Amino acid sequence: MPERYATVLCSQGLHARPAAAFARAAAELSHRITIRRTGGDPVPVSSTLMLMSLGLKEGEEVVLTCDDETAGPALDQLAALLATDLGARS
């Protein structure tokens with residue numbers, strides 16, 4: 001089961017706007033991926049509400065996981081997305 005550790009670098013954490021952006025990006029992938037805190041319960045990355053329920057703050061480490069052994073590139077893509085400021089206004 002592939003997994004990636006990532007750090008949330010969004011300055012406001014995964015509140016509504018960045019959680020929605022992250023969930024939209026995840027929904028475009030063809031894999032069922034989950035996210036969790038180390039030692040926590042996983043939630044689907046494609047659900048904005050479930051992402052928000054984690055209450056993830058800037059600097060927290062998370063684990064992205066998928067049952068599909070071919071999901072490595074998708075996990076890398078989502079880990080890289082968490083390393084951006086998803087909540088920044090342009």
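When you scan the range 39-46, do you find a residue that is in a loop (DSSP other than H, G, I, E, B), among the β-branched types (V, I, T) and at pLDDT 95 or above, even just one?
At the first step, the residues of the range 39-46 found to be in a loop (DSSP other than H, G, I, E, B) are 39-42, 45-46.
From what's left, among the β-branched types (V, I, T): 45.
Okay, now just the ones that are also at pLDDT 95 or above, so 45.
Looking for residues that are in a loop (DSSP other than H, G, I, E, B), among the β-branched types (V, I, T) and at pLDDT 95 or above, one finds at least one in the range 39-46, hence yes.
In contact with a Pro (Cβ under 9 Å, 6 or more places away or on another chain) and either at pLDDT below 95 or on the phi < 0 side of the Ramachandran plot (or both), is that true of G13?
Details: in contact with a Pro (Cβ under 9 Å, 6 or more places away or on another chain): no; either at pLDDT below 95 or on the phi < 0 side of the Ramachandran plot (or both): yes.
So G13 does not fit the description; no.
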message: Could you go through the range 64-72 and let me know if any residue there is without any contact (Cβ under 8 Å) to a residue 60 or more places away in the chain and among the aliphatic types (A, V, I, L, M).
response: no
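Listed residues A27, A16, A83, A20; which is touching a Leu at 6+ places or on another chain (Cβ under 6 Å) and either among the hydrophobic types (A, V, I, L, M, F, W, C) or exposed (fewer than 14 other Cβ atoms within 10 Å of the Cβ) (or both)?
That would be A83, the only listed residue that is touching a Leu at 6+ places or on another chain (Cβ under 6 Å) and either among the hydrophobic types (A, V, I, L, M, F, W, C) or exposed (fewer than 14 other Cβ atoms within 10 Å of the Cβ) (or both).
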field: Check on S30, polar (S, T, N, Q), touching a residue at least 40 places away in the same chain (Cβ under 8 Å) and outside any helix (DSSP H, G or I)
entry: yes
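The values are calculated or read from the model by the stated rules, or taken from the named source; none is laboratory data. Nothing here was measured: the structure is a model prediction, and the numbers come from that model. Every residue, glycine among them, receives a Cβ derived from its backbone with ideal geometry; neighbour counts consider all protein chains shown.
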